[in-house]
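The values are calculated or read from the model by the stated rules, or taken from the named source; none is laboratory data. All values derive from a computational prediction rather than experimental measurement. Neighbour counts run over all protein chains shown; Cβ positions are idealised from the backbone, glycine included. When the accessible area is computed, the model is the full protein with side chains, heavy atoms only, and any ligands, DNA or RNA have been set aside. Shrake-Rupley method; radii C 1.70, N 1.55, O 1.52, S 1.80 Å.
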Amino acid sequence: MPGYEGIRSLVEAEGFHKIRSLEVTDGFLDGLKIEFTEHLNVLIGTRGSGKTTLLEFLRFALGIGGETSGLIRENLEHGRVTLGIETKGGTRYTVERAWGAEPQVFDSAGEAVPIEISRGVLFGADVYGQSEIEEIATKPLPRRRLIDRFVQEELRGLDVKLQTLERKLRRSRQELLAVLQELDSLPSEELNSKKQELLVRLQALNETGSNTVEFRTALSERQGRESEVRGAEAAQHELVLLDEGVRSLARDVAARLAAALPPVALTGPNAEAMVGIAEQLEQLSEAVLEQLSAVQDRIVSAQEGIGTARERIAGLHAKQEAAYTELMKKHEAARVAQLERNELQAEQSEVEGLLQRRAGRERLWREKETEWKELVKELVALRQERADVRAAAVDWLNEKLQGTHVQIKLHEGADSTEFRDRLDKALAKAQPRLNSRGAIVNQLTQDSPRRLVDRIRRRAYRELEEKGLTSHQAKRVVEVLDCTEDLFWIETADLLEVAEISFEEKGTWKPSDKLSTGQKSSAVLPILLQISSRPLITDEIESHLDQETLLESVIDQAKKMRGRRQLIFATHNANVPVSGDDGDTRVFVLHSEGDKAKVIKTGTVDETKDEILKLLEGGEPAFERRRQRYGIEAKKTKKAKKK
């Protein structure tokens, strides 16, 4: 797993996704056809001219959550949005979407390809409105998602591993619970007590019964026949369990190999080479399943063989039982006692069979418990890898954020929401109701899930009391949770990382959720404007910012993204297109005619300066009045100087 240097090389690698074009049919922007530049694209126009609608159409077409459904439905009507996109690898696709339908993806030849664009694997974009920027500043989950966007590919690989592991944990948990339920039906203390009682009663009968060699031999042989029956039944039962285990293994192998290569990997620029990998995995799956099928056939053969042997043994036993019955007739005194002895021996045989079954289940429990513990260790290790990736991303971001008055801290394991929820739901099942449940949850979640579960399984009441529980509460908690499915769920609860964004003001660092609205934007925007392969799309990025902060935190950083990231901004501030221009900014001027809106002009800053002056500066007279008021002398043109 890459550390800081690895993350930096991944994030700063050459190539980035681009939205090449947008076309809209029907609705408020009917007939719209525009082409975007690779760097800075700026949408300007009066309020209600369709800027926000256009940005939301981009979000809608790519299947990115968060779009305003009412706005899309109202402004698209029965129409369709079509995007031309280019991946960072240079492959071009067309994405089409109508209201009520999923996005459809077509290759450069116009052929539909089975790609779920909304998953963000092939192509993705970062779309932020003011409400989303506010959420990033104030809520832990959006902050963590923001960090994740910079290391999405690395985290996606880990997520696949985690999903596979979670399926294994689910199966292991179900198997453990099945064994646990069976053990509950075979109470050890009761069975051993019954065994001892039967032994005492049989010994008393043996002292009063016939003691001839012939009689003792007959009894011994009869007990031997009972042991043979139990042994044959046990062998047959073990083969049934083995067959179930092989079938489970076959399903697991097939599922793991099928999930090893994501379908999207077969649709990339090197699909032909990737097909070779898919074929190898398929051949391996077929070979393994063929071998496992052979094992299953051999199990069936063994079951049939044991069945035949049991029939032969049953025939022998029938003849031997007939001879035993004749012998009993000769010993009338012993016959009555033997009837009772037979009943006791039958009961003894049943108890011993149950004890043997329990011993087998206990061995299976230990095996399954070991498997579970290994899976949990693997889960912990994978989650730590994920935390390390996020930590490396934060280190990289902090390096890039130097001089911006913004910094990020990552607190590992600080988000115990899932742990608390699972524990609270489990304790809510207590009957009678557990008083002070909220306080108990607060005290117990100071521990890690695994340490809490260990204490409950060991019935460590004193340790639970040291966590602040009363003696009664400790016993109730163990009583409610021990040996339950909820305990396994609690053990695997995810303690997630919390990203804290801070903003420096006059030498004091303040967390972003304690800042004013303007300061929240100042804290979040420098992070949004870092290098990424995904286009950045924002609406009124200048909102709540003073002009100095806009220039330092937004415009200067946006200019650094030239050739490294595509930017699409809607704005009412002239500094965005003018100060952010490096000669290749493309400005789109939108105009509304009431029920319809359109782009009335497209061009560079120089080509659209009249519209910028009118819409963003209030017109030339207003601009001139401000210049005079500020006491700024107008620069003379070259022509004026010559005169």
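What to note about this one:
- Within the set Ser532, Ser521, the sole residue that is among the small types (Gly, Ala, Ser) and not in a helix (DSSP H, G or I) turns out to be Ser532.
- Among the residues listed as Leu379, Leu375, Leu364, the single one being under 17 Å from Leu242 (Cα atoms) and modelled with pLDDT of 90 or more: Leu364
- Hits in the range 555-599 (condition: assigned to a helix (DSSP H, G or I) and out of contact with any Asp or Glu (no Cβ under 7 Å at 6 or more places or on another chain)): Ile555, Asp556, Gln557, Ala558, Lys560, Asn575, Pro577, Val578, Ser579
- Check on Asp494, farther than 20 Å from Glu132 by Cβ, part of a loop (DSSP other than H, G, I, E, B) and among the charged types (D, E, K, R): yes
- Entry remark, the range 367-378: residues being without any contact (Cβ under 8 Å) to a residue 40 or more places away in the chain and either among the basic types (Lys, Arg) or in contact with a strand residue (DSSP E or B) (Cβ under 9 Å, 6 or more places away or on another chain) (or both) number 2 in total.
- Yes/no for Gly413 being surrounded by fewer than 17 Cβ atoms within 10 Å (Cβ to Cβ) and in contact (Cβ under 8 Å) with a residue 12 or more places away in the chain: yes
- Every pair of residues 6+ apart whose Cβ atoms lie under 9 Å, when the first sits in the range 579-597 and is free of Cβ contacts under 8 Å to residues at least 24 places away in the same chain while the second is open to solvent by 10 Å² or more (accessible area, probe 1.4 Å): Gly583/Thr604; Gly583/Val605; Gly583/Asp606
Residue-by-condition table, conditions (1) exposed (fewer than 14 other Cβ atoms within 10 Å of the Cβ); (2) over 30 Å from Val389 (Cβ atoms):
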| position | (1), (2) |
| --- | --- |
| Ala426 | no, yes |
| Ile440 | no, yes |
| Leu444 | no, no |
| Arg462 | yes, yes |
| His472 | yes, yes |
| Val480 | no, yes |
| Ser502 | no, no |
| Thr508 | yes, yes |
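- Taking the criterion of being under 49 Å from the mean Cα position of the chain (by Cα) and open to solvent by less than 40 Å² (accessible area, probe 1.4 Å), the only residue of the range 189-201 that qualifies is Leu191.
- Cβ-Cβ under 8 Å pairs, at least 6 apart or on other chains, the range 379-400 side open to solvent by less than 10 Å² (accessible area, probe 1.4 Å), far side of a type in the set (S, T, N, Q): Leu379/Thr492; Leu397/Gln530
- Selection count where residues are in contact with a strand residue (DSSP E or B) (Cβ under 8 Å, 6 or more places away or on another chain), at pLDDT 90 or above and either hydrophobic (A, V, I, L, M, F, W, C) or under 23 Å from Asp159 (Cβ atoms) (or both), scope the range 98-116: 6
Each row is one residue, and each column tells you yes or no for (1) surrounded by 14 or more Cβ atoms within 10 Å (Cβ to Cβ); (2) not in a loop (DSSP other than H, G, I, E, B).
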{"position": "Gln348", "(1), (2)": "yes, yes"}
{"position": "Val351", "(1), (2)": "yes, yes"}
{"position": "Arg357", "(1), (2)": "yes, yes"}
{"position": "Gly360", "(1), (2)": "yes, yes"}
{"position": "Lys377", "(1), (2)": "no, yes"}
{"position": "Arg422", "(1), (2)": "yes, yes"}
{"position": "Ala430", "(1), (2)": "yes, no"}
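- Selection of first residues in the range 447-462 that are closer than 17 Å to Val480 by Cα and of second residues that are open to solvent by 100 Å² or more (accessible area, probe 1.4 Å) and not in a loop (DSSP other than H, G, I, E, B), restricted to Cβ pairs under 7 Å at least 6 apart or on distinct chains, gives the following pairs, ordered by first then second residue: Tyr461/Lys475.
Every residue, every condition in (1) open to solvent by 60 Å² or more (accessible area, probe 1.4 Å); (2) modelled with pLDDT of 85 or more; (3) closer than 30 Å to Ala112 by Cβ, yes or no:
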| residue | (1), (2), (3) |
| --- | --- |
| Gly224 | no, yes, no |
| Leu249 | yes, yes, no |
| Ala254 | no, no, yes |
| Ala273 | yes, no, yes |
| Glu290 | yes, yes, no |
| Thr308 | yes, yes, no |
| Glu311 | yes, yes, no |
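- Glu367 vs. criteria assigned to a helix (DSSP H, G or I) and under 20 Å from Arg173 (Cβ atoms): yes
- Flag if Asp107 is in contact with a Leu (Cβ under 8 Å, 6 or more places away or on another chain) and not aromatic (Phe, Trp, Tyr): no
- When residues in the range 398-418 are screened for being closer than 27 Å to Ala558 by Cβ, within 24 Å of the chain's Cα centre (by Cα) and not β-branched (Val, Ile, Thr), 2 of them pass.
- Residues in the range 497-518 that are of a type outside the set (Lys, Arg) and part of a strand (DSSP E or B): 12 in all.
- The set of residues in the range 415-436 that are within 19 Å of Pro511 (Cβ to Cβ), of a type in the set (Gly, Ala, Ser) and in contact with a helix residue (DSSP H, G or I) (Cβ under 7 Å, 6 or more places away or on another chain) is empty.
- Residue in the range 204-213 that is touching a residue at least 12 places away in the same chain (Cβ under 8 Å), under 30 Å from Ala499 (Cβ atoms) and in a helix (DSSP H, G or I) present: no
- Subset of the range 36-64 [under 14 Å from Arg97 (Cα atoms) and not hydrophobic (A, V, I, L, M, F, W, C)]: Glu56, Arg59, Gly63
- Against the test of being of a type in the set (D, E, K, R), at pLDDT 75 or above and either in contact with an Asp or Glu (Cβ under 7 Å, 6 or more places away or on another chain) or not in a helix (DSSP H, G or I) (or both), the options Asp610, Asp606 yield a single qualifying residue, Asp606.
- Glu412 being within 30 Å of Thr508 (Cα to Cα) and part of a helix (DSSP H, G or I): no
- Counted residues, the range 105-118 - those being touching a residue at least 24 places away in the same chain (Cβ under 8 Å), within 22 Å of Lys18 (Cβ to Cβ) and touching a helix residue (DSSP H, G or I) at 6+ places or on another chain (Cβ under 9 Å): 3
- Qualifying positions in the range 117-131 - under 25 Å from Ser521 (Cβ atoms) and either in contact with a strand residue (DSSP E or B) (Cβ under 9 Å, 6 or more places away or on another chain) or aromatic (Phe, Trp, Tyr) (or both): Ala125, Asp126, Val127, Tyr128, Gly129, Gln130
- Subset of the range 603-615 [surrounded by fewer than 16 Cβ atoms within 10 Å (Cβ to Cβ) and among the hydroxyl-bearing types (Ser, Thr, Tyr)]: Thr604
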